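Reviewing the structure listed below.
What follows draws every value from the coordinates through simple rules; no lab data is involved. Since we're looking at a predicted model, the values are computed, not measured. Positions of Cβ are backbone-derived with ideal geometry, glycine not excepted, and every protein chain shown enters the neighbour counts.
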Amino acid sequence: MHMTTTRPYLIRAFYEWIVDNECTPYIAVDVTVARTEVPKEYVDNGKIILNVSMSAVRNLSLNNDCITFSALFGGRSRDIYVPIQAVIAIYAKENGKGMVFAEEQDEGDGDGGGSGGGRGDDSPPPESARKGKPNLTLIK
């Protein structure tokens, strides 16, 4: 069964969680992804960090395909367009808690390019996770 990427759903969930915890949501963006529209003068090594808190942006829209909003950069209002696949991470400015996304191999593969439940690497799942019944482990 073909499923859409989980990335936009995870971004929205982490955004809400960060805001609910009275922190400032930031997104890290890969500006080399096609159609990304951000102020180029603020790009560093092909990436930009954007404050997406409600106090920093206007008309924020977290869609399944893109994130759009208007924000002031150097006193000038700019329209921002970030394709979902360009979002590298979403995290709280205050403590760095959030999620980093791995590069997606196939847009519709269903894994969303997420960090695999916090493993944070691209290694294959352990042998026990690949065969037989699901295996849940309590981590303290």
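Using 0.36 nm per residue, how much length does the chain from Asn45 to Glu22 gain when fully extended, once their Cα-Cα distance is taken away?
Gain on extension, Asn45 to Glu22, equals 5.3 nm.
Electrostatic tally near Leu72: other residues with Cβ closer than 15 Å to its Cβ, Lys and Arg +1, Asp and Glu -1, net +1.
Stokes-Einstein diffusion of the range 1-88 at 37 °C, 0.692 mPa s viscosity, Kirkwood radius from Cα pairs, rounded to a whole number: 243 µm²/s.
Find out how many positive minus negative residues lie around Ser53, taking Lys and Arg as positive, Asp and Glu as negative, among other residues whose Cβ is under 13 Å from that of Ser53.
On the way: positive: Arg58, Lys93; negative: Glu16, Asp20, Glu22, Glu94.
That works out to -2.
Ordered by the number of other Cβ atoms lying within 10 Å of each residue's own Cβ, fewest first, Met1, Met54, Met99 fall into the sequence Met1, Met54, Met99. Could you tell me the calculated FRET efficiency between Val100 and Arg76, based on Cβ-Cβ distance and R0 = 41 angstrom, to the nearest 0.05? My answer for the efficiency is 0.85.
Taken along its principal axes, the alpha carbon cloud of the range 41-92 reaches lengths of 28, 27, 21 Å, longest axis first.
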